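Beneath this line is the structure, given in structure tokens, with notes to follow.
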Amino acid sequence: MRIKEKCAVFGVTCDDVGFSVSNILYKGLIALQHRGQESTGISIMNTGGSNIYTYKKLGLVSKVLNKKRISQMWGNIGIGHNRYATTGSETYSSSDYMQPYHFKNNEIEFSFAFNGTIPNFDEIKQKMSDMGRIFVTNTDTEVIAHLLASIALGTEDWAEVLKIASRFLDGSYSLVLLTNKGDIYAMRDPLGFKPLCIGELKTEKRNLYFVASESCAIDAVEGTFLRDVEPGEIVHLSHQKEIHSEMILKSERTALCMFEFVYFARPDSIIDGISVAEARLRLGINLAKKDPLLNDPKIRENAIVVPVPDSGRSVAVGYAKEARLPYVEGLMKNRFVWRTFIMPGQQRRKSAVKEKLNPIKSVINGKDVILLDDSIVRGTTTEQIVSLIRSAGARSVNIRISCPPVINACYMGIDFPTRDELIGGKFYKLYGEQYIEEIRKKIGADSLLYQSLDDLINAIGLHEDQLCLACLTGNYPIKSAIKLAELEQSIATSRN
Ligand code: SF4
């Protein structure tokens, strides 16, 4: 299986060559740890005279960028990346697959990192291989690196290089690039699938600019959030000048991944003007408004609202408030275990649920538990959580999901590559309109309610044309994803 990514990027420039940004990079990446936990890396340079230095390794930020390492890296400009790789390949442990990707030959040097996926990378790779480029990995990252390098041979204008590159890249990408002249460029794809924002910190001694996957990282370095990078925008952050920006292409529609609000992003982030925490609160309120269970007086007098930590928390608060039921922390989370959804390999995901969650028997015993979670992807995690709650003595377990059923594959970088791996997709194919009832039986819940599509859109607060909803609706917003969906469909049909 091909390696894909869902990651975090961070960058910082400082106009003071006597100041090192390595500790700021560390803090920014720590704040973005939830977006990728397999490897981390930074590229740093000093505009007073040093070259780009890159260090990357498998592991959490705190392990890879320990105090000693941080003190050894000196520079006033840098970018960083947290990486998450998907299933199947063991090669992800090679540093060739980690980011930032530091490109250097006799003519050109730069480093870049990105969050996203380029589904048409095979096509670009083939064309570049025909032109004599040699690839050592099978990643879209390396393809982007060679594409940028090829274009940059003809110009020193990096905004122009990125602009030209964007014409070839049909996918999702929020990218930061560090040039060997000490400039940072940030680019968000024309549909804006992934978030990206900029911030600043101005003091008497120095001025710093930041670019980050999420605004929580700008808060973490005590910066001031300036704004989101717009879909289709290139922002130039210079250590000498103010921020400069230009548009690659202004799309009529955009396609921010709705999962950012449902699950991925930290609640304290603001994405495209929307507070993630408030969107999650509204998701809970909308669910409660439509929940028939709340009309049953016997359930109401014995029910508690329990979140699956952490992303179910704000949703559960909204639900409990609207339902006027007690909100109870009934599942204890071990914070030192990775998030299950973004761990590679089904086996590792399975064993991790029990390690990660423990029910609090004293609050669950005898209760009708209304359990709030963000999504059901493969179904195994939810099944195990239902069983945990039952074993703690719950009278009934009622699952409420803040997102509609996920029934289609994502080709924009999220780890559920085939429809048959999704319980929604598989059961929809098997049982048609009855599929939600069959999912309920499979996970062993007493009742199951999903958010409706309209209520999801309404809770997020962006227009339908500003969101990617493809895994829910099957309407893919990019050509290469439509092609891949058709290919998957024809393979599935030929197997039947
Ligand atoms: S298909 Fe789903 S997971 Fe993938 S980008 Fe679109 S909304 Fe996000």
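The values are calculated or read from the model by the stated rules, or taken from the named source; none is laboratory data. It should be emphasised that the depicted structure is a prediction, and the values quoted were computed from it without experimental measurement. All Cβ positions, even for glycine, are placed from backbone atoms using ideal geometry, and neighbour counts span all protein chains on display. Remember, those area values only see protein heavy atoms, side chains included, never the ligands or the DNA or RNA. Shrake-Rupley method; radii C 1.70, N 1.55, O 1.52, S 1.80 Å.
Listing for the model above:
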| item | result |
| --- | --- |
| Test: residue in region 89-110 that is modelled with pLDDT under 90, surrounded by fewer than 23 Cβ atoms within 10 Å (Cβ to Cβ), hydroxyl-bearing (Ser, Thr, Tyr) and touching an Asp or Glu at 6+ places or on another chain (Cβ under 7 Å) | yes |
| Which listed residue, of 441, 429, 479, 483, is away from the ligand (no atom under 16 Å from the Cβ) and modelled with pLDDT under 95 | 429 |
| Residue 163 vs. criteria assigned by TED's automatic domain parsing to the domain that holds residue 220 and under 28 Å from the mean Cα position of the chain (by Cα) | yes |
| Helices (runs of 4 or more DSSP H) contained in region 258-359 and holding at least 3 residues at pLDDT 95 or above | 276-289, 312-323 |
| Where a residue in region 323-339 is within 13 Å of residue 362 (Cβ to Cβ) and of a type in the set (D, E, K, R) and its partner, wherever it lies, is modelled with pLDDT of 85 or more and open to solvent by less than 30 Å² (accessible area, probe 1.4 Å), with Cβ under 8 Å and at least six apart | 329/306; 329/307; 329/309 |
| Count of residues meeting criterion [open to solvent by less than 70 Å² (accessible area, probe 1.4 Å), in contact (Cβ under 8 Å) with a residue 60 or more places away in the chain and farther than 17 Å from residue 469 by Cβ] in region 238-269 | 5 |
| In region 405-420, residue nearest to the ligand (Cβ to nearest atom) [restricted to those that are closer than 27 Å to residue 318 by Cα and open to solvent by less than 10 Å² (accessible area, probe 1.4 Å)] | 414 |
| Considering residues of region 34-45 that are modelled with pLDDT of 95 or more and polar (S, T, N, Q) only, the residue nearest to residue 181 (Cα to Cα) | 43 |
| Lone qualifier among 459, 470 - being touching a Cys at 6+ places or on another chain (Cβ under 8 Å), open to solvent by less than 40 Å² (accessible area, probe 1.4 Å) and within 16 Å of the ligand (Cβ to nearest atom) | 470 |
| All positions within region 381-404 that are open to solvent by 20 Å² or more (accessible area, probe 1.4 Å) and in a loop (DSSP other than H, G, I, E, B) | 393, 395 |
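So that you can scan it fast, the table gives a plain yes or no per residue for (1) in the same structural domain as residue 149 (by TED's automatic domain parsing); (2) farther than 26 Å from residue 48 by Cα; (3) within 16 Å of the ligand (Cβ to nearest atom); (4) among the aromatic types (Phe, Trp, Tyr):
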{"position": "183", "(1), (2), (3), (4)": "yes, no, no, no"}
{"position": "188", "(1), (2), (3), (4)": "yes, yes, yes, no"}
{"position": "200", "(1), (2), (3), (4)": "yes, no, no, no"}
{"position": "209", "(1), (2), (3), (4)": "yes, no, no, yes"}
{"position": "215", "(1), (2), (3), (4)": "yes, yes, no, no"}
{"position": "231", "(1), (2), (3), (4)": "yes, yes, yes, no"}
{"position": "239", "(1), (2), (3), (4)": "yes, no, no, no"}
{"position": "257", "(1), (2), (3), (4)": "no, yes, yes, no"}
